[in-house]
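The values are calculated or read from the model by the stated rules, or taken from the named source; none is laboratory data. Please read all numbers here as calculations on a predicted model, not as lab measurements. As a convention, Cβ positions derive from the backbone with ideal geometry for all residues, glycine included, and neighbour counts pool all protein chains shown.
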Amino acid sequence: MKKIIKLFSENKNFNLDKSFSNLKSLEKAEILITDNSSIVFEFMLIFKRPIIYIDYKEKIHNINRDKIPIITIEEEFKTVFGNQLNINDIENLADLCENLIKENNVSSQLVDSFAKKYLSNLDHSASFAANYLTNKSKSN
């Protein structure tokens, strides 16, 4: 981190957000650039803005993942919403960013459809959680 701060601290477009919540930074961002972080879900589902995945290394947490022949939610999300850029083509990053920001062809309908398919208790998660906790406390 110290090296990154030293390299970019004089750049007016560089901002290191050390706050506990990343919501303000995400809100300001026109585009998200990531490796394979799950932050893409928050960014896309809340703000419906473009995402670029930098492909340089597979991020595998479960070495037995091939034993179940299904596509993970992360893989499907990346296929549907991601714009992939290989690390060997990193010199094209600025152009890709400019094009995605200009076009911002993220379909709200597609984002909402994905959310409905994979997320539960949409639009009423707080009341669902409150009811669950209330019922759970009564049963103890």
Here the residues within segment 73-91 that are β-branched (Val, Ile, Thr) and over 16 Å from Ile33 (Cβ atoms) are Ile73, Thr79, Val80
With the requirement that a residue be surrounded by 10 or more Cβ atoms within 10 Å (Cβ to Cβ), within 23 Å of Lys28 (Cβ to Cβ) and among the polar types (S, T, N, Q), what does segment 106-140 give you?
Ser107
Can you tell me which residue within segment 26-53, out of those that are hydrophobic (A, V, I, L, M, F, W, C) and in a loop (DSSP other than H, G, I, E, B), is surrounded by the fewest Cβ atoms within 10 Å (Cβ to Cβ)?
Ala29
Given (1) over 21 Å from Ala29 (Cβ atoms); (2) touching a residue at least 12 places away in the same chain (Cβ under 8 Å); (3) among the hydrophobic types (A, V, I, L, M, F, W, C), identify the lone condition not met by Ile68.
(2)
Note: among Glu58, Glu74, just one is of a type in the set (Asp, Glu), in a helix (DSSP H, G or I) and either exposed (fewer than 10 other Cβ atoms within 10 Å of the Cβ) or out of contact with any Leu (no Cβ under 6 Å at 6 or more places or on another chain) (or both), namely Glu74
Suppose we filter Lys78, Lys48, Lys102 for residues that are of a type outside the set (Val, Ile, Thr), at positive phi and at pLDDT 90 or above; which single one remains?
Lys48
Just one of (1) exposed (fewer than 10 other Cβ atoms within 10 Å of the Cβ); (2) in a helix (DSSP H, G or I) trips up Asp89, so point out which.
(1)
Determine, yes or no, whether Val106 is among the hydrophobic types (A, V, I, L, M, F, W, C), under 13 Å from Met44 (Cα atoms) and not in a helix (DSSP H, G or I).
yes
Looking only at segment 2-25, decide whether some residue is closer than 23 Å to Val80 by Cβ and outside any loop (DSSP other than H, G, I, E, B).
no
